[in-house]
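The structure under discussion appears below in the form of C-alpha cells.
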Amino acid sequence: MANFAIIGYGKMGKMLEQLIQRHPEHSLVWAKDNTPSTSDFNGVDAAIEFSVPGAAEKNILKCFESNTPVVSGTTGWTEKLNVLIQKANQEKHGFLYASNFSIGMNLFFFLNRKLAQLMDAQPDYDVHLKEIHHTQKQDAPSGSAITLANDIIKNLKRKQNWINKNSSVKDELVILSERVGDITGIHEVEYGNTDERITLKHTALSRQAFAKGAVMAANWLIDKKGFYTMKDVLNLH
C-alpha cells in the first residue's frame, strides 16, 4: 500500500484524489491547497504537487525538509527549477519534475527529439510549434511546448532560441499559443519546405491522462534519491 499526499487542490488535485481513492493499492493521507508543514508528512510515502507557480518552490522545499519524495507538475516557474534539482541531487531528496505526465505525451517528447536529430541534416526544412489549451491556463507557452522547443534547440543546430510569436529570424524557433474554450491540450511540431510538410501531433482528450501518469511517477519514486524525469519512469533515454 502506497500512501500519498496531494499539494494543490485545483482541477488536477481533485482528479488525483479521485484516482488514488479508486485504486485498491493506494491510499490518500491528505489533500490541501496551502503549503503543508513538515509534520504533515508523517505516514506519507510520496507527495504529488500540482499548485501554482508562486507556491511550487516553497511546497517542494517542504517535502525536502521532511525527506518525502515529491513529484511536481506545476508549470510557469521553471527558472527556479535548476536550484531545486541541484539540491535534490546533493542532499539525496527524491524529486521528479515533468511539464506533462501523460504517457502519450512523453512518447511524443521522445519522437520529437529523434526527429530533430534527423532533421539537423536537412537544412531546407524550417520548423515551428503550435499549442492550444483552455482559456483558464495561466502560462503561455505551455510547459510541454517549452520542453518540445528546448529539445529541438538541443538537437537542431540552426535554431538558437524560441520565441512565443511569429518571427522571420532564421535561428528563432516560433511557438504559437492559443487559448480556446475547454481544450485539454493540443501540441504540434511541424517541419516543412516549399514541397512538403512533416507534422507530429499530440491531442489530450482528458486530464485523466495527466493524473494517471503522475500517480505512476509518484509510486515509482518511492525510496529513490535524487532528481528524475518521466524519461526515467518510462525508460526513454
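The residue that is farthest from Thr184 (Cα to Cα), among those in the range 72-83 that are surrounded by 23 or more Cβ atoms within 10 Å (Cβ to Cβ) and either in the same structural domain as Asp151 (by TED's automatic domain parsing) or touching a strand residue (DSSP E or B) at 6+ places or on another chain (Cβ under 9 Å) (or both), is Ser72.
If you take the residues of the range 205-229 that are closer than 14 Å to Asn106 by Cβ and at pLDDT below 95, which of them is surrounded by the fewest Cβ atoms within 10 Å (Cβ to Cβ)? Residue satisfying both the conditions and the ranking: Ala209. Among the residues of the range 120-128, is there at least one that is more than 24 Å from Arg207 (Cα to Cα), among the polar types (S, T, N, Q) and assigned by TED's automatic domain parsing to the domain that holds Ile198? Looking through the range 120-128, at least one residue is more than 24 Å from Arg207 (Cα to Cα), among the polar types (S, T, N, Q) and assigned by TED's automatic domain parsing to the domain that holds Ile198.
When the residues of the range 1-57 are filtered to those that are in contact with a Gly (Cβ under 7 Å, 6 or more places away or on another chain) and without any contact (Cβ under 8 Å) to a residue 40 or more places away in the chain, the one that is surrounded by the fewest Cβ atoms within 10 Å (Cβ to Cβ) is Asp33.
Quick check on my filter: what residues within the range 209-237 are over 13 Å from Ile48 (Cβ atoms), outside any loop (DSSP other than H, G, I, E, B) and among the charged types (D, E, K, R)? Working first, answer last.
Of all residues in the range 209-237, those over 13 Å from Ile48 (Cβ atoms) come to 209, 223-237.
Restricting the remaining residues to those that are outside any loop (DSSP other than H, G, I, E, B) gives 209, 226-228, 230-233.
Lys231, Asp232, listed by residue number.
Of everything in the range 168-202 that is surrounded by 14 or more Cβ atoms within 10 Å (Cβ to Cβ) and assigned to a loop (DSSP other than H, G, I, E, B), the residue that is modelled with the lowest pLDDT is Thr184.
The values are calculated or read from the model by the stated rules, or taken from the named source; none is laboratory data. The shown structure was predicted, so the numbers you read here are calculated from the model rather than taken from an experiment. When we count neighbours, we look across all protein chains shown, and the Cβ atoms used for this are built from the backbone with ideal geometry, even at glycine.
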